[in-house]
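Down below is the structure, laid out as structure tokens.
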Amino acid sequence: MKLVNIISNNEGLASIASLVGRVGLSVIFILAGMNKIQYFEGNAQYLASGGLPEFLLPLVIVFELIGGLFILAGALTQLTALAFAGFCVVSALVFHNNLADQMQFFMFFKNIAMAGGFLALASAGAGRFSVDHKLTQQ
């Protein structure tokens, strides 16, 4: 059944797929963190509109930037991916819960899909092209 395991049976291809997946999952959060810095006041108001205190915004920025860089580099990947999965679900529930609004419907399920991607990453690990791999080599 080589067709069923086309990637997992090829270590090089699996490592490249993991790297590309980490880039895809990390870039949205790195860019979001940078956006929150650039448009701090507007993002603080948006956070407050979800019922959360504005003082959380710097923590969210640090989480998105540092966590995004950790995912990109493949550092502490499983823990960081689990944290991002939770973050995505909470963000969907708090900010995108008006499923009658088509845009919010799509944003909700985008967050749920990203949470699924992070859970898959947490399960599979970062792959060969990662800090985690370097640290665990003997």
Quick one: which of 121, 69, 99 is open to solvent by 40 Å² or more (accessible area, probe 1.4 Å) and under 11 Å from the mean Cα position of the chain (by Cα)?
69
What's the number of the condition residue 122 fails, among (1) small (Gly, Ala, Ser); (2) touching a Leu at 6+ places or on another chain (Cβ under 6 Å); (3) more than 18 Å from residue 19 (Cβ to Cβ)?
(3)
Of the criteria (1) surrounded by fewer than 17 Cβ atoms within 10 Å (Cβ to Cβ); (2) in contact (Cβ under 8 Å) with a residue 12 or more places away in the chain; (3) not aliphatic (A, V, I, L, M), which one residue 58 fails:
(2)
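Using the structure shown, decide if residue 57 is under 25 Å from residue 116 (Cα atoms) and touching a Leu at 6+ places or on another chain (Cβ under 9 Å).
So residue 57 passes the test.
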Please enumerate the residues belonging to region 30-72 that are farther than 30 Å from residue 18 by Cβ and touching an Asp or Glu at 6+ places or on another chain (Cβ under 7 Å).
44, 47, 48
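Return yes when residue 115 is open to solvent by 20 Å² or more (accessible area, probe 1.4 Å), assigned to a helix (DSSP H, G or I), among the aliphatic types (A, V, I, L, M) and under 18 Å from residue 24 (Cα atoms) and no when it is not.
No, not satisfied.
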Members of region 5-44 found to be more than 17 Å from the chain's Cα centre (by Cα), modelled with pLDDT of 95 or more and exposed (fewer than 15 other Cβ atoms within 10 Å of the Cβ), listed by number:
37, 38, 39, 40, 41, 42
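The values are calculated or read from the model by the stated rules, or taken from the named source; none is laboratory data. Small disclaimer: the values here were computed from a predicted structure and weren't measured. Please note: Cβ atoms are built from the backbone with ideal geometry, for glycine as well, and neighbour counts cover all protein chains shown. All accessible areas refer to the heavy atoms of the entire protein, side chains included, with ligands and DNA or RNA removed. Shrake-Rupley method; radii C 1.70, N 1.55, O 1.52, S 1.80 Å.
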